[in-house]
Amino acid sequence: MNGFTPSYTVWIFHGEKSQPTNCGVENSGCGNFNGQDEMQEMVRDAFGIPPIQAHDIDLDPPLGDGHNLDEETTKFFKLLKEAERELYPGGQKFSLLSFIVALMHIKSLCGWSNKSFTMLLKLLKKVLPEGEILPNSYTASRQLLGGLSLEYHKVHACPRDCMLYWGEDAKRVDCKVCNVPRYKPEEKIDGSKKGGKIPQKIVRYLPLIPKLKRLYSSKKTAGLMRWHAENPAPIGISRHPVDSDIWKLYDNLHPDFAQDPRNVRLGLASDGFNPYRTMNTTYSIWPVVMMTYNLPPWLCMKQPYMMLTLLIDGPTSPGNNIDVYLRLIVDEMELWDIGVNTYDAFGNEMFKMRALMLWTINDLPALAMLSGWSTKGYLACPVCLDETCSRWLVHGKKVCYLGHRRWLDKDHKF
């Protein structure tokens, strides 16, 4: 509330470099787009296109026989055109693309509604010369920026968390475990059906591979993804997960994986929370977040590099059936046995990106769900396992753990 104490020591002993203060809602300077070159760089980073000179860009590529472009390349050239187009004659400070990006940024910071954003666009179309080039609505603006965003999928699930309608089960209409219908019963009004089919439960899945490829699409972050290999810690000092025994163990087990420092090491974290502040409301959301440990220690646990991959919501917690949803991530991990073709902007080359998950980060209840080891009952300790010292209290009618000091040295003060 009162700010940091003046005597606060800025920690720089792990090799951190001073970073400019992040701007908040009051200072929308984060949205200052200086010229069109920055927007072209953003478009190239989003698509993983190598740096090219402005005079080498053909904004109208041939589309005749034998020159048909794929969908992604077409999006790239379309966005590049918008990055070159002036917002109005003589307006060199903003292009159409940079102006829409700036408006979207302010909308996110200030919590504008979609309706108010559309109303502002209609007003600007009347005020600006040649304002007709502006999108007509918030939806049209989203479509314009669609190439810069990352995809996500809505995957239907059994309301009892038995299975996903994914892969070989994508066309099923009922659960193969409990036979519960996939869709809600259709409502009828005056004898006619209302609306289309509504799934009973949906999980949001944000593929991880495109996010990791984006990290290597930017020259700045692609260089930082090598930090763990290029900055060894002094002997006896642990300042990064690369110094941990687990990391070294996996390097010894998989020397071919450790050979390329660009291969990604990941951690997985998950926990449930109630999105509604009144705790008596029955609802549960379980986000599954992945951390990238190739980055320096002052970045790898920062919010911009924490990647949301799953959003599991419903009236109740998925419990031990959370592994049904984690299958979506496991399917991606299987693809990395052989690697994924990725453009490295720092080295200006293509390489096979592979990934490895080192560990999970969670509290004890979530640990029971993710690992399958029960954290309650007689064998509740995930460290002692089947040697857990426990006793049933008849009067209290619960399990008590009395041997939690038995691993201490004999001369310990306890």
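See the values below:
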quantity: Subset of region 262-282 [surrounded by fewer than 15 Cβ atoms within 10 Å (Cβ to Cβ), under 23 Å from the mean Cα position of the chain (by Cα) and assigned to a loop (DSSP other than H, G, I, E, B)]; calculated: N274, P275, Y276
quantity: Qualifying residue in region 114-134 (condition: surrounded by 15 or more Cβ atoms within 10 Å (Cβ to Cβ), modelled with pLDDT of 90 or more and in a loop (DSSP other than H, G, I, E, B)); calculated: no
quantity: All positions within region 215-261 that are in contact with a Phe, Trp or Tyr (Cβ under 6 Å, 6 or more places away or on another chain) and either farther than 30 Å from I285 by Cβ or open to solvent by 40 Å² or more (accessible area, probe 1.4 Å) (or both); calculated: K219, A222, G223
quantity: Breaking point among (1) surrounded by 16 or more Cβ atoms within 10 Å (Cβ to Cβ); (2) of a type in the set (K, R); (3) in contact with a Gly (Cβ under 8 Å, 6 or more places away or on another chain), for K107; calculated: (3)
quantity: Selected residue (only one of T388, T360 is at pLDDT 90 or above and within 39 Å of the chain's Cα centre (by Cα)); calculated: T360
quantity: From S141, S108, residue being polar (S, T, N, Q), in contact (Cβ under 8 Å) with a residue 24 or more places away in the chain and either part of a helix (DSSP H, G or I) or touching a Leu at 6+ places or on another chain (Cβ under 6 Å) (or both); calculated: S141
quantity: Top-ranked residue of region 331-343 - restricted to ones that are part of a loop (DSSP other than H, G, I, E, B) and open to solvent by 20 Å² or more (accessible area, probe 1.4 Å), ranked as farthest from R204 (Cα to Cα); calculated: I338
quantity: Which listed residue, of L367, L328, is touching a strand residue (DSSP E or B) at 6+ places or on another chain (Cβ under 6 Å), under 30 Å from N294 (Cα atoms), of a type in the set (A, V, I, L, M) and in a helix (DSSP H, G or I); calculated: L328
quantity: Matching option when the condition is assigned to a loop (DSSP other than H, G, I, E, B), in contact (Cβ under 8 Å) with a residue 60 or more places away in the chain and farther than 30 Å from V264 by Cα, among C178, C162; calculated: C162
quantity: Residue among V324, V289 that is surrounded by 19 or more Cβ atoms within 10 Å (Cβ to Cβ), under 24 Å from K201 (Cβ atoms) and either modelled with pLDDT of 85 or more or not small (G, A, S) (or both); calculated: V324
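The values are calculated or read from the model by the stated rules, or taken from the named source; none is laboratory data. Just so we're clear, the structure is a prediction, and the values are computed from it rather than from any experiment. A quick note on method: Cβ atoms are made from the backbone with ideal geometry, for glycine too, and the neighbour counts reach across all protein chains shown. Each accessible area value is taken on the protein alone, full model and side chains, heavy atoms only, with ligands, DNA and RNA left out. Shrake-Rupley method; radii C 1.70, N 1.55, O 1.52, S 1.80 Å.
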